[in-house]
Amino acid sequence: MASSSNEKDFAMTDANADFSLNGKSINLKVRKGSVGPEVVDIGSLYKETGAFTYDPGFTSTASCESQITYIDGDEGVLLHRGYPIDQLAEQGDFLEVCYLLLYGELPTRTQKEDFDRRVTRHTMVHEQMAWFYRGFRRDAHPMAVMCGVVGALSAFYHDSTDISDPQQRMIASIRLIAKMPTIAAMAYKYHVGQPFVYPKNELNFAANFLHMCFAVPCEDYKVNPILARAMERIFILHADHEQNASTSTVRLAGSSGANPFACIAAGIACLWGPAHGGANEAALNMLGEIGSVDRIPEFIARAKDKNDPFRLMGFGHRVYKNYDPRAKIMQKTTHEVLGELGIKDDPLLDVAMELERIALTDEYFIEKKLYPNIDFYSGITLKALGFPTTMFTVLFAVARTVGWIAQWKEMIEDPSQKIGRPRQLYTGHTQRDYTPIAKR
Ligand code: SDX
């Protein structure tokens, strides 16, 4: 039987840090988690010293306490509720990881069957939503469609927007996990001008998604089990990642009491950025721009040139200063998919492998600890599976929805939760009087 995930099986020991400013000395509590850096609790700093801390980009700031995902960037470790990502990706399926992220423990067989059934029964969207797509141009970026359609979910599912009701919170969570693949597949079908394909309850999460994307009414479509397994693994690798930009966006939006559908739409918007989830699309476009192995040195030089805004997309990470553990599994999946599809020599893969080899031996990348991240190989795999580059970040959003909603749920259920409202270092004008236009 799964044990209660609320028992803290580690002692939270506290220490203190002395802080003095302008002749005033205060004592700040230092808190240790179960693993990872300790934190200095600065909640009373402003009240006691009149000063704020300053950390744009939050490079040294813990925004919350969480028990969902742990990353050790120096060691290249990623744990979901304590389980290593490579074990989950190799042995689990995506809905099992969803259960783990939401409830804190791996499900028993009965719990898994019940969870799968609950998600499966929510995969269809309100039929009226199909009209939503017709308002977009066919060539609209699918991420723009996702922002619009997911934000509109709260207009269709009023009965699960009361965030104070645990029952409604869970129904909204299940609906979002279940409907994201359907909404994403509909965005793809609309983009390519093909009719929408309804979900099929007998298919598992990834197979259902591939069927909704690639089946057509004129003939039966059989999902390749190897490709479906690869898709499941890709979803697992993207499921959650601690307090990244889009998760922090969802938490901040949720801290105001906004409904979960609106919060997830905010997360999708943030994920779209090329520095974040948009990097998989940008990385594949970059590999295409490089085009051949002999042009790699030119782009490496550009990436190192301070005056050139070009960066190697799919390289570097705020937290990982070692190889992103997901990138290793992604690379293996890339070879599996290309092998299954009989793609012998993919020029983009040749460029990617050579680019990685050169970058990992280059002084600049070694000194700045820049390694391939999850977005470096995912694009090659997704392209081989048949997706256009504009759909890559959409797939990231489909997978990350469970991470966003698990983090949102943890925040809402935290009794100390309050609205997030950062302050600033003001360097603008001090007060001055209005000058009539005649005198300007
Ligand atoms: C994701 O946070 C998460 O967990 C995100 C994510 C998740 O699962 O949610 O893991 C998903 O977003 C992965 C990252 C995808 N983005 C990219 O691949 C875009 C390319 N990478 C860079 O933009 C950058 O590495 C970031 C945005 C990922 C990280 O930015 P940081 O931590 O703010 O790093 P930085 O910009 O401070 O860079 C440190 C130094 C800088 O040089 P200096 O100013 O110190 O001289 O390294 C350089 C940067 O110029 N640098 C790069 C580089 N990334 C950083 N130089 C060339 N190419 C790069 N890719």
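Since every read-out is calculated from the coordinates, none of them should be taken as a lab result. What you are looking at is a predicted structure, and each value in this text was computed from that prediction instead of being measured. Ideal geometry is used to build each Cβ from the backbone, glycine not excepted, and the neighbour counts take in all protein chains shown.
Taking amide H positions as modeled 1.01 Å from N, with prolines and chain starts lacking one, the residues under 5 Å from LYS29 and 5 or more places away or on another chain are ALA17, ASP41.
Taking R0 as 30 Å, what FRET efficiency do you get between ARG318 and VAL293 from their Cβ-Cβ distance, rounded to the nearest 0.05? It comes out at approximately 0.55.
Of the residues VAL97, VAL192, VAL119, the one that moves most in a GNM of the chain with alpha-carbon contacts below 10 Å is VAL192. Pairs of Cα atoms in the range 80-199 fall into 10 Å distance bins, from 0 up to the last occupied one, in shares of 12, 36, 31, 19, 2 percent. When the Cα convex hull of the range 249-406 is projected onto planes of every orientation, the mean area is 10.2 nm². For the chain, a Gaussian network of Cα nodes joined below 10 Å ranks GLY23, GLY386, GLY267 by mean-square fluctuation, and the top entry is GLY23. With the helix formula -39500 (n - 2.57) applied to DSSP H stretches of n ≥ 4, the chain reaches a computed 222 nm mean residue ellipticity of -14500 deg cm²/dmol. Inter-part distance, the range 110-185 to the range 252-319, computed on C-alpha centroids, equals 26 Å. Stokes-Einstein diffusion for the range 251-296, with the hydrodynamic radius set to the Kirkwood value over Cα pairs and evaluated at 25 °C in a medium of 0.890 mPa s, equals 195 µm²/s.
For the set LYS112/LYS344; LYS24/LYS369; LYS328/LYS409; LYS112/LYS200; LYS112/LYS222; LYS222/LYS409, the pairs lying more than 27 angstrom apart at their alpha carbons are LYS112/LYS344; LYS24/LYS369; LYS328/LYS409; LYS222/LYS409. With all projection directions averaged, the alpha carbon convex hull of the chain covers 27.7 nm².
Using every Cα-Cα pair within the range 259-336, state what percent have a distance larger than 19 Å. Of all Cα-Cα distances in the range 259-336, 53 percent exceed 19 Å. Against the compact-protein benchmark of 2.2 N^0.38 Å, the Cα-based radius of gyration of the range 329-440 scales to 1.84. Rounded to the nearest angstrom and listed largest first, the equivalent-ellipsoid semi-axes of the range 170-291 from its Cα gyration tensor are 27, 21, 14. Using the Cα coordinates of the range 155-227, the gyration tensor eigenvalues translate into equivalent-ellipsoid semi-axes of 29, 14, 9 Å, sorted from longest to shortest. The value for the range 196-255 of Rg(Cα) / (2.2 N^0.38 Å) is 1.51.
Considering only THR393, THR430, THR334, the mean-square fluctuation computed in a Gaussian network model of the chain, springs between alpha carbons under 10 angstrom, is largest for THR430. Modelled label positions at ASN285 and ASP220, each set 7 Å beyond Cα in the direction of Cβ, lie 4.1 nm from each other. Over the range 22-129, all Cα pairs binned in 10 Å intervals from 0 give whole-percent P(r) values of 11, 28, 24, 19, 13, 4, 1, listed from short to long.
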